[in-house]
Amino acid sequence: MRLWQKIFLLTLFLTALAVSAISLLLLARSHRNTLLLAKEKIQTVRDSAVAELGHLIQERKDDSGQQLLTESDLEDLFVTFCLSSEEFRKGADGATDEAGSDETTDEAQKNDIVIMPLETGIFSAARLPREAGSAATVLVEKEGIRRISTYTTAFWEGRFYRVEVSGDVTDLFRQFEEDLRFCQWMCGGVSLAVATVLLFSILWLTRPLKRLEAATERIAAGEYGYRVPAKGHDEIAELSNHMNVMSGEIEDNIRKVEALAASRETFIANMSHELKTPLTSILGFADIMTIKSHMEEAERREYAAIIAAEAGRLKALSSKLMELVSLQGAELVLRPVELGALVERAALALSPVCQAQQCTVQRDLEPVTALADEALLTSLVMNLLDNALKASALKGHGRQIDISLKKEYDKAVIKVRDYGIGIPGDQLEHVTEAFYMVDKARSRQSGGSGIGLSLCKAIAQAHRGSLRIESREGQGTEVSLILPVPDTPPSE
Amino acid sequence: MSCKILVVEDDVNIAKYIQACLSMGSYESEICGEGGLAVERISGGDYDLVLLDVMLPGLDGFQVMERVKDLGIPVIYLTAVQDVASKVRGLKSGAEDYIVKPFEALELLARIELVMKRHHKAETAFAYGDITVDTEKHMVEKGGAAVALSPKEFDVLVFFIRHQDVVISRERLLAAVWDYAFEGETRTVDTHVQQVRKKLALQGRLVTVPTYGYKLLKI
C-alpha cells in the first residue's frame, strides 16, 4: 500500500469516527435534557393538580358548610376538575379511577391524570398506607407509545389518594431518532467532503516524495551528478538537501576512485615502458652476440658494456620501485634523528661524484632533531643531491650546490639549491609523478628513471612532511623538504 | 641496390641495437632521436622505410605518422606500448606493421623484408659465389646451369644467402620459411638444409653449428 493511501484511509477513518462521536454525544445530551425538562414539567403539572384539588375541596367545604366531604362528593369534584382543567381533558363518564385509560385524542392534550384512593378504611394514625408520602417518576413504554408517568400521594378528607400524572413523550423520541438519522447522513457527507479535500492535499503534499524517488533512481543508475530540486524549508526539502550532499559525496568518491584507477593505469603503463626499454637493449644485444659469428673485439665489448649498463638501469629501477611500493600503506617506525648529521652523511656519500664534477657543496646546517626513518630520509636527501648534481652537470662548469637545514617554528626545513638547468614552469607540477621526465633523452643519459622525485614525495608524505619545488628554467632549482618537529623530542 | 632506413628512436642503446640488426640484413640506416626532426628528415630524405618509436620527445610517433603518411614511405612502428588500442591506432594510421619491444633481430629483419616485398623494394636477385638466385622467376643457377629446388628448399637457400655469417637456429628457420605459427618438427629443417647443401655443393660453406642451427659462411 502506498504512503498516500495509508494516510488517506487512516485520516478518513479518524475523521469519520470523531465527527460521528461528537455529534452522537451532543445529540444524546440534548435528548437527555429534553427528557429531563419534560419530566420536570409533568411533575409541576402533578403538583399543581394536587394543590388545585386541595383548593377545590376547601372551597366546596366552605360553600356547603360540611365538615367533611364524602367519598362520592370527592369523586364528583375530581371529575369536575378533570373536565375543567386545561391540562387534562377526560371523558365525562367520571371514571377517574380507571387506571391506565387514555382517551386523549387531541394531540395537544397529552397529559393524563389518574386519582385513586389508596384504601377505603377510615384514616388512622396507626395504619398509614405503605405508599403515603411517596412520589416517583418513571418512563414507561407500551405498544410503541412512550410516556413519562409520575405519582404522588395526597391526604384529603381523611383518606390517602394516589395522584398519577403521565405525559406522552413519543414525539420526543421520534424527534431524537430523526436527529440521529440526520446526523448519520451528515457524518457521511462531511466525511466524503473531507476525503476529497484530503486526497488532493495528500497527493499535493507527497509530490516532492515522488521527485525524490525519481532522483534516487537516477542516481542509483549512475547519474551521480544529478541533484534533487529542493524548494522550501520543510522536512522533504531538508531530506532533498541531505540527499544532494550524499550524492555529492558519492560523486566525489567516484571521481577519486576513477582518478586513482587512471593514475594507477598510467603508472603501470609507464612502468612497463620503462622496464621494456632496457630489456629491449639487453635481449637485443644478447641476441646479436648469439647469432653473429664474426664479431670484432671492440664490437663485442661495446655490446657487453651496453648490456651491463642497461641491466644496471633495470636494477636501479626495480629497487626504486620496490621502495616506492613498500612505502605505500606501510607504517614507518620513526625515531629521533639528528638531521644535520644525516644531511652531512648524505653529502659525504656523494662527495666522490661532487669531486669528479668539480662541484662544491655549501652547507648551512642547524642542529635539529626530528622523528624519522633514518635510511629512508637519507635516501631522500641523497636523491635530492643527486638531482642537483645532474642538473648542474647538464648546465656546464663552475658549479655549486647549497644545502641548508633550519628550524622554522615547529618544522624542520631542508633546502637543496642548485644553479643548474632548472625546470620549465609548465612542467613543474608534473615532476613528482612517477616516470615523468622533463627531458627523457637527457634523463636516461644521466641514469635517471623518472621515479626519484615521486619516491622523495612518498617518503616525505610517510613522514607527514611535504616537498616544495621552486625552479626557474636555466637558473636552477630549489627543493625544500619540510618535516614536522615534535616540541619535546621523546628520549629513547 | 641497398635500402635506406630511418630509425626514429630516442633511446641511444636501442637505436644502436636496431642499427646492428639492420647492418646484419645489409641495410643502410640513419638514426634520429626526436619527433619534429624526424618529420623534417623523412620529408627531405630518400628513405625506403621508417622504423618509428611511439613515445618520443617532441612529436610522438602517431603525430609523426600523421605528418608523413602522404609521402608514401612505408612505416613500421617499433614500440614498448603493447596495448591493443595503440596497436589498432598505429595500424589504422597507415603503418605497415607494429612490432612490440623487446624483439629479436631476425624477426625485425623478416618483417622489414615482408614490407619491402609488398612495396617491391626487396632485392630479387642474389649471388653467392657462382650461385645466382632470382626470386621473381624462382630460378637458381650454379655455374650457369639451372638447379631444380623444391619451393621450400628455395626459400631456405634465399634465407641463408640473405643472412650470411649469421647463426640461424632451426626454430628461426622454421618460422621464417614455413610459418610463424608452424609447429613442425625441426627435423624437417634438417632434411631441407641437407638437400640444399647437396644440390648446390655447399659442403664446408653451409655449416652446422652444434646444438644451435646452421650458418652460411660469407665468401
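The values are calculated or read from the model by the stated rules, or taken from the named source; none is laboratory data. Everything numeric in this text was worked out from a predicted model, so none of it was measured. For neighbour counting, all protein chains shown are included, and Cβ atoms are generated from backbone atoms with ideal geometry for every residue, glycine included.
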Selection within the range A:143-159 - part of a strand (DSSP E or B) and farther than 18 Å from A:Gln58 by Cβ:
A:Ile145, A:Arg146, A:Arg147, A:Ile148, A:Ser149, A:Thr150, A:Tyr151, A:Thr152, A:Thr153
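This table checks each residue for (1) within 14 Å of chain B (Cβ to nearest Cβ); (2) within 16 Å of A:Cys456 (Cα to Cα); (3) surrounded by fewer than 13 Cβ atoms within 10 Å (Cβ to Cβ).
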{"position": "A:Ile306", "(1), (2), (3)": "yes, no, no"}
{"position": "A:Lys315", "(1), (2), (3)": "no, no, yes"}
{"position": "A:Leu321", "(1), (2), (3)": "no, yes, no"}
{"position": "A:Gln328", "(1), (2), (3)": "no, yes, yes"}
{"position": "A:Leu350", "(1), (2), (3)": "no, no, no"}
{"position": "A:Asp364", "(1), (2), (3)": "no, no, yes"}
Among the residues that make up the range B:157-173, is at least one of them surrounded by fewer than 18 Cβ atoms within 10 Å (Cβ to Cβ), at positive phi and not assigned by TED's automatic domain parsing to the domain that holds B:Ile112?
yes
Based on this model, can you work out whether B:Glu96 counts as in contact (Cβ under 8 Å) with a residue 60 or more places away in the chain and either in the same structural domain as B:Glu9 (by TED's automatic domain parsing) or of a type in the set (Gly, Ala, Ser) (or both)?
no
Within the range A:174-203, which residues are charged (D, E, K, R) and exposed (fewer than 13 other Cβ atoms within 10 Å of the Cβ)?
A:Arg174, A:Glu177, A:Glu178, A:Arg181
Flagged in the range B:66-105 as within 18 Å of B:Val7 (Cβ to Cβ), away from every other protein chain (no Cβ under 14 Å) and among the hydrophobic types (A, V, I, L, M, F, W, C), in numbering order, are B:Val68, B:Leu71, B:Ile73, B:Val75, B:Ile76, B:Ala95
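Restricting attention to the range B:27-51, report how many residues are more than 13 Å from every other protein chain (Cβ to nearest Cβ), without any contact (Cβ under 8 Å) to a residue 40 or more places away in the chain and either crowded, with 20+ Cβ neighbours inside 10 Å or closer than 19 Å to B:Glu104 by Cα (or both). First the steps, then the outcome.
The first filter runs over the range B:27-51 and keeps only residues more than 13 Å from every other protein chain (Cβ to nearest Cβ), leaving B:27-30, B:36, B:38-50.
From what is left, the residues that are without any contact (Cβ under 8 Å) to a residue 40 or more places away in the chain are B:28-30, B:36, B:38-44.
Subsequent filtering for residues that are either crowded, with 20+ Cβ neighbours inside 10 Å or closer than 19 Å to B:Glu104 by Cα (or both) retains B:28-29, B:38-39, B:42.
Number of matching residues: 5.
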Could you say whether any residue in the range A:234-252 is within 14 Å of chain B (Cβ to nearest Cβ) and outside any helix (DSSP H, G or I)?
no
Which members of the range A:290-304 meet the condition of being in a helix (DSSP H, G or I) and more than 10 Å from chain B (Cβ to nearest Cβ)?
A:Glu297, A:Ala298, A:Arg300, A:Arg301, A:Ala304
Being away from chain A (no Cβ under 14 Å), part of a helix (DSSP H, G or I) and crowded, with 16+ Cβ neighbours inside 10 Å: is that true of B:Ile5 here?
no
Of all residues being within 14 Å of chain A (Cβ to nearest Cβ) and either aliphatic (A, V, I, L, M) or more than 22 Å from the chain's Cα centre (by Cα) (or both) in the range B:52-65, which is surrounded by the fewest Cβ atoms within 10 Å (Cβ to Cβ)? Just the residue, please.
B:Gly58
Can you tell me which residue within the range A:229-242, out of those that are of a type in the set (A, V, I, L, M, F, W, C) and farther than 20 Å from A:Arg2 by Cβ, is farthest from the chain's Cα centre (by Cα)?
A:Ala230
